[in-house]
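Notes to accompany the following structure.
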Amino acid sequence: MTQPTVFDVRNHLLELLNKGGLGPDGRLPTERELSETTGASRRLIRRVLGALEAEGLIWRRQGKGTFAGQPAEPVSALAAEINGTAGPVEVMEARLCIEPEIAALCATRATPDEVSRMWTLARHVYEVEDDEMTELWDSALHRMIAQCAGNRPLQTALALLDDTRSTADWQDARTRARSDQSLQESHEEHIAIVSAIETGDAVGARAAMRAHLMTRITALSEAMGIISSPPPDAPDHSPA
């Protein structure tokens, strides 16, 4: 029997949050119950719950349980359609069209508490030691930036594209593209993005996000043996 991935568990939990199945006061099932339902180990359940908590989708109270936080974007059906027709590089090109602007908006709107959570997420991306959890925490960081941008259409668009991370093709491509050097590069790029957001530098946040996504597109293309022309440079948004 195939063991569930972190994304299988995440999707199960998001379905509970979006479609019901919660107990009194929005309480989620216990770790033991979730393990029995999904077939995943309790250790894996705890790791996924930790990422969802960092995103603000759930909250936990010692001795009381785990509770629903803000609702997740209900994009799974549309994401499944994209997964069947678009490859990882195409998805990254689409992200390149919207995420730099999301980062710029975030720089003008993020609160100190939200920035602190971004730093926590960026640290987890770098410190975890397996590919699936790297993807999960990286996803959480990018979704957090979109959430803090305060624009629901853009947040939903990013969530739609980001859901493609759960596919086998994406995981395989990202694993092939990942190395110690690429993890260090991504960490430095994440630091640049969050630093610009923290200082309210919209121009810097936009440029840092674009540079980060361009690096990832190049790595994915090379890993998949794809030769493609780079996306055009973004228009200059700096003051005249």
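Descriptive notes on the structure:
- Only one of the numbered conditions (1) under 14 Å from His187 (Cα atoms); (2) open to solvent by 40 Å² or more (accessible area, probe 1.4 Å); (3) β-branched (Val, Ile, Thr) is violated by Val125, and that is (2).
- If only residues of segment 1-30 that are open to solvent by 80 Å² or more (accessible area, probe 1.4 Å) and at pLDDT below 80 are counted, the one that is nearest to the chain's Cα centre (by Cα) is Lys19.
- Filtered residues of segment 193-240 (kept if among the aliphatic types (A, V, I, L, M), closer than 24 Å to Ala173 by Cβ and at pLDDT 80 or above): Ile193, Ala208, Met209, Ala211, Leu213, Met214, Ile217, Ala219, Leu220
- For segment 78-119, the set of residues classified as in a helix (DSSP H, G or I), open to solvent by less than 30 Å² (accessible area, probe 1.4 Å) and modelled with pLDDT under 90 consists of Ala79, Pro88, Val89, Val91, Met92, listed by residue number.
- Against the criterion of being over 30 Å from Pro153 (Cβ atoms) and modelled with pLDDT of 80 or more, Glu33 qualifies.
- Residues of segment 31-48 satisfying the condition of being part of a loop (DSSP other than H, G, I, E, B), in contact (Cβ under 8 Å) with a residue 24 or more places away in the chain and either basic (Lys, Arg) or open to solvent by 30 Å² or more (accessible area, probe 1.4 Å) (or both): Gly39
- Condition met for Asp138 (in a helix (DSSP H, G or I), open to solvent by less than 30 Å² (accessible area, probe 1.4 Å) and without any contact (Cβ under 8 Å) to a residue 60 or more places away in the chain): yes
The values are calculated or read from the model by the stated rules, or taken from the named source; none is laboratory data. For clarity, every value in this text was computed on a predicted model and none was experimentally measured. Virtual Cβ from ideal backbone geometry, glycine too; neighbours counted across all protein chains shown. When the accessible area is computed, the model is the full protein with side chains, heavy atoms only, and any ligands, DNA or RNA have been set aside. Shrake-Rupley method; radii C 1.70, N 1.55, O 1.52, S 1.80 Å.
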